Amino acid sequence: LHYLMWFRRDLRIDDNTALSALCDKAQKDRAHVSAVFFMTPKQWQQHDTAVTQVDFIARRLPHLAQALKDKLNITLTVAVCDTFDDCAEILTQLCIDTDVTCVMANHEYEENEINRDTQLIANLAEHNISVIRHHDQCVLPPASITTGEGTMYKVFTPFYKKWQQHLDVSPMSCHSPTLVNENTPAPVTSLAEALTKKVTHADSKSSIDTLTKDIVNAYQDDWQKRDALKHINIAEQLARTRDNYPADMDAPEARLHDFISDDIDDYDTHRDTPHSHATSRLSAYLTTGMISPRRCYLAAIEHLERKRSNKDSDETDITRWCSELAWRDFYRHVLCDKPELIRHEAYNKKLDKAVDWSYDEDDFAAWCCGRTGVPLVDAAMRCLNATGFMHNRLRMVVAMFLTKDLLIDWRWGETYFVQNLIDGDFVSNNGGWQWSASTGTDSAPYFRIMNPFSQGKSHDKDALFIKKWLPELADVPADVLHSEAKLNKAFGDKDKEEKKKDKNKQKDKKQDNPYYDIDYPAPIVDHKAARKDTIATFKDSK
Ligand code: FAD
């Protein structure tokens, strides 16, 4: 017997539900286990997957291959086929050619992924080959937390209460797969042999390393041809994410361990301060499945138990962090309940359609490049462009600014984020954007619009974050950077050409404005006026 583990967004061995189930089954049935991962660059392009994320996945695969070989005796074959359609076709043929009778995988909840699986299941059913999928992406699987009527919650808080109750009553554990392929004959034709002459592939650590690097280079070349992203220095993004996000097998567990020992106890206090690195930075590992959300939850709960046994009663920080994992679950459960969200349809369709969204390309370009004249927004965007990551508080600030101050369609911002984030994840990203645009489930009320200047004052008091990413503002005091009026005074009329031509006026200007020479724009929008207009627009739309 020959069984196949199909890795997707679950690039790990520990607590991988499908892998553990397959190994158990193989042990019982005395079957041989092989594993496969498909790189699908054209499909990723269609999904706008960031180069940094493709690179992250590519960097993981050689490590995964080696660990599977060392720990479980399983050979991982990495194959390249452009799209999900090709993938379903190749995988069908691969199963037939290598006498596979059972394929196991973990569920993916997005539409193209579901269609691919449906196609594959239908293809394989004709050959009596079974495909078994497991829920693995959430702490608690979709549809397991419902109202008394069995429907999905529309609001997070009651969902979260039930989520917690569920976990209190049935505590969970993580599973590790058992050793396989001992005394089980390998298939007559290996995956690599079956793929020869069909698609490019590799099945050893070094050949996977070479293959995946080639794919990333080609993906990066294609990416750089995209006009909308010309201002981004992808080489810089890649260099930084390679430093900040190691992809070896121990990296996510080490990050979780460091967060729990150093930061979780202050999470609630410091999590909104972008400069302090007080959050876990596990999102990219969770998005690609390099760590399981259950493992993260259990590590936090074990820490909580330790605190309780030491008579330390302050649980706020730990439960706050667990609630973030619950938000991640919540948005996944919402997508499974409303699959149309994947087509960028709003949760609140009526409101979304009634708002007269702007499609102003100049405003959008200013936002993307970090040239809106609003320091916190610009610093956050330049940080994203350089590092492929943005802090959660800043994601909310820039998303609100785009959708409420500039009234630009949230879909534009949603796409730009996925194109740049190493943790880009359709579900959490869509949830975050619709929260900010007030078109989502349990989203920010339309009249509660964040003021980006007071957000700066509250969360970046000394402007340390702003100055890091906007070095041209290094000598401008924080009180100027957090005040719309002072920014207008400092940078307001510099662009007026006629003043520039008049040398005397320029000299005068420099005397009464020390920031006159700094190349930084005045705010492109008047926040108070924009807020008033937006509230009126949403009120009318309702
Ligand atoms: P921590 O604060 O340590 O939180 C732990 C984990 O909980 C995170 O790793 C993440 O998996 C989850 N989490 C935290 N906050 C949220 C949230 N609001 N919604 C869903 N899950 C959450 N998260 C992504 O993973 N991918 C995205 O593409 C994404 N896009 C976003 C877009 C917008 C407009 C907004 C407002 C939020 C978005 N988020 C996204 C959620 C959140 O900003 C990130 O998960 C978080 O900043 C990651 O940092 P961390 O790992 O240090 O988080």
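What follows draws every value from the coordinates through simple rules; no lab data is involved. Keep in mind it's a predicted model, so treat the numbers as computed, not measured. Every residue, glycine among them, receives a Cβ derived from its backbone with ideal geometry; neighbour counts consider all protein chains shown.
Before moving on, here are some points about what is shown:
- Acute angle (nearest 10 degrees) that the helix 375-387 long axis makes with the longest principal axis of the chain, alpha-carbon atoms: 30 degrees
- Taking the DSSP bridge list for the chain and keeping only pairs wholly inside it, about 10 percent are antiparallel.
- Sequence of Ile260, Ile232 once ranked by neighbouring C-beta atoms within 10 Å, starting from the fewest: Ile260, Ile232
- Between the range 287-360 and the range 364-434, the Cα center-to-center distance that results, in Å: 19 Å
- Shape class of the range 193-270 from the alpha-carbon gyration tensor: oblate, with a/c at 1.5 or above and b/c at least as large as a/b.
- Cα-based helix-to-principal-axis angle, 527-541 vs the chain, degrees rounded to 10: 60 degrees
- Sequence-distant contacts, meaning Cα pairs under 8 Å at least 6 residues apart, place the relative contact order of the range 1-134 at 33 percent.
- Student exercise, the chain dipole from Lys, Arg, Asp, Glu Cβ charges, in Debye to nearest 20: 1040 debye
- Spin-label pair Asp356/Asp337, simplified geometry with 7 Å Cα→Cβ offset, distance in nm: 3.4 nm
- With contacts taken as Cα pairs under 8 Å at a separation of at least 6 residues, the chain carries a relative contact order of 17 percent.
- Taking a ≥ b ≥ c as the square roots of the eigenvalues of the Cα gyration tensor, an a/c ratio of 1.5 or more together with a/b no larger than b/c marks the range 114-186 as oblate.
- Mean ellipticity per residue at 222 nm, deg cm²/dmol - from DSSP H runs of n ≥ 4 across the chain, formula -39500 (n - 2.57): -16000 deg cm²/dmol
- Pairwise centroid distance, computed over Cα atoms, of the range 1-45 with the range 88-113, Å: 10 Å
- Amide hydrogen neighbours beyond the local backbone of Ser358, cut-off 5 Å, H modeled: Ile408, Asp409
- The range 1-155 shape via C-alpha gyration tensor axes, a/c threshold 1.5: rounded
- Residue exposure sequence - Tyr219, Tyr359 - by fewest surrounding Cβ within 10 Å: Tyr359, Tyr219
- Options Asn429, Cys383, Pro477, ranked by Cα towards positive dipole end of the range 354-486, top entry (Cβ charges): Pro477
- Among the listed pairs Lys28/Lys69; Lys461/Lys528; Lys162/Lys542; Lys350/Lys528; Lys154/Lys350, those with a Cα-Cα distance over 23 Å are Lys162/Lys542; Lys350/Lys528.
- Distant-in-sequence amide contacts of His134, defined by a placed amide H-H separation under 5 Å and a gap of 5 or more residues or a different chain, comprise Ala105, Asn106, His107.
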